[in-house]
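Read through the structure below, which is laid out as structure tokens, and then see the notes.
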Amino acid sequence: MSAGIACPSMHICGRFFWKGDDRFFVRGVAYQVHSILDPISDDRLAELREDILLFKELGLNTLFVYSINNTKDHTQAMKLLEEAGIYVLTAVSTALNSINRLAPTKSYNPETMTSFFKTIDVMASFPNTLGILAGNELITNDATLPVAAVLKAVCKNYDLKELSDVTRLVYDDLLHRFSGTSIPIFLSEYGNKSKKFRLLHETTALYSSLMSHIFSGGCVYEFWQNANGYGLVEMLKHQGDKQTTHTESTIYERQETDRGTLLILRDFVNYKARLAEVGNIGVEIEEESTETEKEQRKTGAEVTGLWQANLHVPEGCVDWVSSRELMEG
């Protein structure tokens, strides 16, 4: 396959992603690098090339990058990912500009929106940009529900458990909750850690015929090992890095590289195996929907309880002339 068609343009039909005539499922991983705010900028090409080899070994087609630095160039990095057949999801927020979940209305201001527009402008130029998220982990409890109104304004301007049975209650609840959606849904972070290493059986469930009727895959949390211990791989640098906290039972393989000792963890092997098991799944377009399903798609999921409280969408805050001047300047 030539580089030019490695990542053909995606389109949305109903609640699914489509790549040509084939349904597209996100087979991804959350990709962040310790102490690096932007893992896909052009100043990380050498490291990214090595990581792409591991992405391809896993069988990935998507990276979920938490944020980028919208003042940096990403042309070569995104081209490398495109040639590898990998799409990118990222959020509009940056390290300096984001919606504050504790003060959402105050942080929804022209400066923040101008930064958001710049991120969109950067990522929109690449054919392998799968999507840009309005927010990430902003609504985490009842106290942060008012953030929903601000996220709606932003858009207007521009825990799962290890399981062996797909019919477990948590998945039944997810299927019921999202059955009426009219846009693609995927899990941006999944993979519960209840043992020394994860079997990632929820991958099998997520891509099953039952769940793929509603969900379009997801991204396992996460690629590189960080302090919370959810990594698929870990790098022990030659100098200055502390020893790994992993035991030999959680390490599958050690590889010596220019960057240091690369640890391939059991989670990596298990995720690779789960993705291989589900293969290239696909679901045909539904020829017709029931009247109930059609109505659900029009109105969205039922809104009850606290979700109705204080959902006042703020007025637009964008100074379009100033925003254009700042982005073009």
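Could you tell me which residue of the range 247-267 is farthest from residue 236 (Cα to Cα), considering only residues that are β-branched (Val, Ile, Thr) and loosely packed, with under 15 Cβ neighbours inside 10 Å?
In the first step, residues of the range 247-267 are kept if they are β-branched (Val, Ile, Thr); the result is 247, 250-251, 257, 261, 264.
If we keep only those that are loosely packed, with under 15 Cβ neighbours inside 10 Å as well, we get 247, 257.
Details: 247: 14, 257: 10 Å.
Across the range 247-267, the extreme among qualifying residues is 247.
Counting only residues that are surrounded by fewer than 21 Cβ atoms within 10 Å (Cβ to Cβ) and out of contact with any Leu (no Cβ under 9 Å at 6 or more places or on another chain), which one in the range 67-83 is nearest to residue 17 (Cα to Cα)? Lay out the reasoning, then the answer.
Step one: list which residues in the range 67-83 are surrounded by fewer than 21 Cβ atoms within 10 Å (Cβ to Cβ), which gives 69, 71-73, 75-76, 79-80, 82-83.
From what is left, the residues that are out of contact with any Leu (no Cβ under 9 Å at 6 or more places or on another chain) are 71-73, 75, 79, 82-83.
Numbers: 71: 30, 72: 29, 73: 28, 75: 24, 79: 21, 82: 17, 83: 20 Å.
Here the answer is 82.
Limited to the range 85-139, what total is found for residues that are part of a loop (DSSP other than H, G, I, E, B), hydroxyl-bearing (Ser, Thr, Tyr) and at pLDDT 85 or above? It would help to see each step written out before you state the result.
The first filter runs over the range 85-139 and keeps only residues part of a loop (DSSP other than H, G, I, E, B), leaving 85-86, 92-103, 108-109, 124-128, 134-139.
Within this subset, residues satisfying the condition of being hydroxyl-bearing (Ser, Thr, Tyr) are 93-94, 98, 108, 125.
Next, from what is left, pick out any that are at pLDDT 85 or above: 125.
Going through the range 85-139 one residue at a time, the tally reaches 1.
Given the residues 60, 48, which is the only one that is assigned to a loop (DSSP other than H, G, I, E, B) and of a type outside the set (Asp, Glu)?
Values: 48 fails: assigned to a loop (DSSP other than H, G, I, E, B).
That would be 60, the only listed residue that is assigned to a loop (DSSP other than H, G, I, E, B) and of a type outside the set (Asp, Glu).
Quick check on the range 14-45: of everything there that is of a type in the set (Lys, Arg) and in a strand (DSSP E or B), which residue is nearest to residue 58 (Cα to Cα)?
Pass one, the range 14-45, residues of a type in the set (Lys, Arg): 15, 19, 23, 27, 44.
Of the ones still in play, those that are also in a strand (DSSP E or B) are 19, 23, 27.
Working: 19: 21, 23: 20, 27: 9 Å.
Restricting to residues being of a type in the set (Lys, Arg) and in a strand (DSSP E or B), the top hit is 27.
What's the number of the condition residue 210 fails, among (1) closer than 20 Å to residue 269 by Cα; (2) surrounded by fewer than 19 Cβ atoms within 10 Å (Cβ to Cβ)?
Single failed check for residue 210: (1).
The values are calculated or read from the model by the stated rules, or taken from the named source; none is laboratory data. Bear in mind the structure is a predicted one, so any value in this text is a computation, not a measurement. With ideal geometry, Cβ positions are generated from the backbone for all residues, glycine too; neighbour counts draw on all protein chains shown.
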